[in-house]
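S.K.: To start, I am sharing the structure in question, which I have written as structure tokens.
The values are calculated or read from the model by the stated rules, or taken from the named source; none is laboratory data. Everything numeric in this text was worked out from a predicted model, so none of it was measured. FYI the Cβ positions are ideal-geometry reconstructions off the backbone, even for glycines, and counts take in every protein chain you see.
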Amino acid sequence: MEARNLRKSYTRGLARVDAIKGIDITVSSGEFVAIMGPSGSGKSTLLHILGCLERPDAGIYLLGGRDFSDISDRELSLIRAEKIGFVFQNFSLIPHLNVAENVGLPLMYSSQQDRADEESVLKVIEQVGLAHRVGHLPVELSGGEMQRVAIARALVMTPVLLLADEPTGNLDSKTGSEIMELFCRLHEGGVTILMVTHDIQVASRAERILNLKDGTIQ
């Protein structure tokens with residue numbers, strides 16, 4: 001993944017807010033990178049652009065060598081569904097769906113329907129250590145287990161890039177450490193990870209730390 005001179009601004013009332021200001025980032029295949037920064041530094045905006053959830057006002061974003069600057073919204077949706085995995089702080093599970101059904105959700109939005117099979121779902125659930133919880137609803141799971149479900153859901157399409165936004169933010173320190181162990185194992189297995197966190201202990205598990213302040217990489 002490569003980003004060059006990314007810029008994004010918002011209008012709040014009569015004020016213009018420059019969320020990110022000319023950011024350059026390169027993440028190699030298989031790398032584990034953490035982004036740290038205080039509230040309001042532009043972390044979420046940057047992650048949304050890198051996850052193709054928002055478009056930058058200026059700059060170039062390349063993923064797997066492809067330039068996303070001038071593609072349609074439909075193509076962007078397919079890229080999000082098939083190339084990028086997301087892990088959020090609040091898990092974002094569907095309450096009435098069990099573990100297997102939550103993990104299989106991304107397959108419903110894929111153009112590659114032949115991948116939407118039970119075997120691929122069960123394989124990734126086993127990978128995160130939840131084979132014994134396949135039929136359970138989110139309400140029956142601990143916080144750490146719910147985050148493991150979210151990670152499995154992010155991995156089921158074998159994404160090019162895994163984006164994690166404060167993945168331990170809603171977890172106690174012991175459970176958070178277990179989730180970071182899982183991220184480290186995924187990284188050792190070749191998964192490319194870009195993680196946003198405010199916790200230096202969490203960030204220290206990555207290969208490289210980028211510090212973001214006032215919309216720029218320091």
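S.K.: With touching a Leu at 6+ places or on another chain (Cβ under 7 Å) and either at pLDDT below 90 or loosely packed, with under 13 Cβ neighbours inside 10 Å (or both) as the only criterion, which of 150, 116 stands out?
M.R.: Numbers: 150 fails: either at pLDDT below 90 or loosely packed, with under 13 Cβ neighbours inside 10 Å (or both).
116 is the lone residue from the list that is touching a Leu at 6+ places or on another chain (Cβ under 7 Å) and either at pLDDT below 90 or loosely packed, with under 13 Cβ neighbours inside 10 Å (or both).
S.K.: To continue, here is another question. Identify the residue in segment 2-46 that is within 27 Å of residue 204 (Cβ to Cβ) and among the basic types (Lys, Arg) and, among all such residues, is modelled with the highest pLDDT.
M.R.: Across segment 2-46, the extreme among qualifying residues is 21.
S.K.: Being at pLDDT below 95, surrounded by fewer than 20 Cβ atoms within 10 Å (Cβ to Cβ) and among the acidic types (Asp, Glu) is true for just one of 165, 172. Which residue is that? Step through it out loud before you land on a result.
M.R.: Working: 165 fails: surrounded by fewer than 20 Cβ atoms within 10 Å (Cβ to Cβ).
Residue meeting the stated conditions: 172.
S.K.: Next up: Can you pull out every residue in segment 62-111 that is assigned to a strand (DSSP E or B), in contact (Cβ under 8 Å) with a residue 60 or more places away in the chain and over 16 Å from residue 154 (Cβ atoms)?
M.R.: So in segment 62-111, the residues assigned to a strand (DSSP E or B) come out as 62-63, 66-67, 84-87.
Still in the running and in contact (Cβ under 8 Å) with a residue 60 or more places away in the chain: 62-63, 84-87.
Listed by number, the list holds a single entry, 62.
S.K.: Next question. Consider residue 89 carefully, then state whether it is under 13 Å from the mean Cα position of the chain (by Cα) and surrounded by fewer than 18 Cβ atoms within 10 Å (Cβ to Cβ).
M.R.: Working: under 13 Å from the mean Cα position of the chain (by Cα): yes; surrounded by fewer than 18 Cβ atoms within 10 Å (Cβ to Cβ): yes.
So residue 89 fits the description; yes.
S.K.: Given the conditions (1) of a type outside the set (Asp, Glu); (2) buried (at least 17 other Cβ atoms within 10 Å of the Cβ); (3) closer than 30 Å to residue 65 by Cβ; (4) within 16 Å of the chain's Cα centre (by Cα), which single one is not true for residue 158?
M.R.: Residue 158 satisfies every listed condition except (2).
S.K.: Taking the condition in contact (Cβ under 8 Å) with a residue 40 or more places away in the chain, closer than 21 Å to residue 187 by Cα and out of contact with any helix residue (DSSP H, G or I) (no Cβ under 7 Å at 6 or more places or on another chain), does residue 126 pass?
M.R.: On the way: in contact (Cβ under 8 Å) with a residue 40 or more places away in the chain: no; closer than 21 Å to residue 187 by Cα: yes; out of contact with any helix residue (DSSP H, G or I) (no Cβ under 7 Å at 6 or more places or on another chain): yes.
Criteria not met by residue 126.
S.K.: While we're looking at this one, here's another question. Among the numbered conditions (1) closer than 27 Å to residue 34 by Cα; (2) modelled with pLDDT under 95, tell me where residue 121 comes up short.
M.R.: Result: residue 121 fails condition (1) only.
S.K.: Note down all Cβ pairs under 9 Å where the first residue falls in segment 37-55 and is touching a residue at least 24 places away in the same chain (Cβ under 8 Å), the second is polar (S, T, N, Q) and part of a loop (DSSP other than H, G, I, E, B), and they're at least six residues apart or on different chains.
M.R.: From segment 37-55, the pairs are 37/218; 43/197.
S.K.: Let me ask another. Name the residue that is nearest to the chain's Cα centre (by Cα), counting only residues in segment 18-44 that are acidic (Asp, Glu) and in a strand (DSSP E or B).
M.R.: Out of the qualifying residues, it is 24.
S.K.: Please work out which residue is farthest from residue 144 (Cα to Cα), limiting yourself to segment 182-194 and to residues that are at pLDDT below 95 and among the aliphatic types (A, V, I, L, M).
M.R.: The qualifying residue farthest from residue 144 (Cα to Cα) is 191.
S.K.: Here's another thing I want to ask about it. So which residues in segment 140-188 are free of Cβ contacts under 8 Å to residues at least 24 places away in the same chain and over 22 Å from residue 123 (Cα atoms), if there are any at all?
M.R.: Going residue by residue through segment 140-188, those that are free of Cβ contacts under 8 Å to residues at least 24 places away in the same chain are 140, 145, 158, 173-174, 177, 181, 185, 188.
173, 174, 177 - these are the residues of segment 140-188 that are free of Cβ contacts under 8 Å to residues at least 24 places away in the same chain and over 22 Å from residue 123 (Cα atoms).
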